[in-house]
Amino acid sequence: LAATFLPHIADAIASRTGLGDTFVGSIFVALSTSLPEVVVSMAALKIGAVDLAVGNILGSNLSNIAILAIDDFLYWKGPLAQQMSAANAITAVGAMIMTGITMIALVYRSQKRVLLFPWESLGIYAVYGLTSLLLFLQR
């Protein structure tokens, strides 16, 4: 029920704050809809089920891409990519780079850390921060 109101609330936030639809959708709506995955992943890590936590996040990512394909099929005004803002490309490229870092980390399995943090985590945080900044500047 709450999900049906979320786009309207996000649109109101975007227009009242001047942050822009793409920024609010990519940051605030994405964060709020990803909270269930965060809770499941934290619970999985707490019981030591690392594969479950990683599979949960990657599976959610895969499901979101499939939803985008379904949306594209159901959008009758033409290809969805032609109708969306160019700022959405920033989000897409950022997501692809973060997914790429994750895939490299899964294959490479480095034990190296930078300032006590795994390099892949720092890379993902940096890409997320840069993507967020670029979206903010696009508003």
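The values are calculated or read from the model by the stated rules, or taken from the named source; none is laboratory data. Here the structure is a predicted model, which is why all the values come from computation and not from measurement. All Cβ positions, glycine included, derive from the backbone under ideal geometry; neighbour counts span all protein chains shown. For accessibility, only protein heavy atoms count, side chains too; no ligands or nucleic acids. Shrake-Rupley method; radii C 1.70, N 1.55, O 1.52, S 1.80 Å.
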Query raised in the report: Taking region 94-120, which residues are loosely packed, with under 14 Cβ neighbours inside 10 Å and of a type outside the set (A, V, I, L, M, F, W, C)?
Result: G100, Y108, R109, S110, Q111, K112, R113
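This table checks each residue for (1) open to solvent by 90 Å² or more (accessible area, probe 1.4 Å); (2) without any contact (Cβ under 8 Å) to a residue 40 or more places away in the chain; (3) more than 21 Å from T131 (Cβ to Cβ).
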{"residue": "A66", "(1), (2), (3)": "no, yes, yes"}
{"residue": "F73", "(1), (2), (3)": "yes, yes, yes"}
{"residue": "M84", "(1), (2), (3)": "yes, yes, no"}
{"residue": "A92", "(1), (2), (3)": "no, yes, no"}
Query raised in the report: With respect to N88, is the statement that it is assigned to a helix (DSSP H, G or I) and either in contact (Cβ under 8 Å) with a residue 40 or more places away in the chain or open to solvent by 100 Å² or more (accessible area, probe 1.4 Å) (or both) true?
Result: yes
Report summary line: Just one listed residue, out of A43, A14, A10, is modelled with pLDDT of 90 or more and more than 15 Å from the chain's Cα centre (by Cα), and it is A43
Query raised in the report: Can you tell me which residue in region 93-139 is nearest to S60 (Cα to Cα), limited to those that are basic (K, R) and assigned to a loop (DSSP other than H, G, I, E, B)?
Result: R109
Query - Some residue of region 35-55 being free of Cβ contacts under 8 Å to residues at least 24 places away in the same chain, of a type in the set (D, E), open to solvent by 80 Å² or more (accessible area, probe 1.4 Å) and part of a helix (DSSP H, G or I) - result: yes
Query - First in region 107-135 and more than 28 Å from G20 (Cα to Cα), second anywhere and surrounded by fewer than 12 Cβ atoms within 10 Å (Cβ to Cβ), Cβ under 6 Å, 6 or more apart - result: W119/K112
Query - Some residue of region 1-22 being under 16 Å from I124 (Cβ atoms) and open to solvent by less than 70 Å² (accessible area, probe 1.4 Å) - result: no
Requested in this report: Please tell me if L80 is over 24 Å from I124 (Cβ atoms), touching a helix residue (DSSP H, G or I) at 6+ places or on another chain (Cβ under 6 Å) and of a type outside the set (S, T, N, Q).
Outcome: yes
Query - Which listed residue is at pLDDT below 85 and either assigned to a helix (DSSP H, G or I) or within 20 Å of T131 (Cβ to Cβ) (or both), from G59, G25 - result: G25
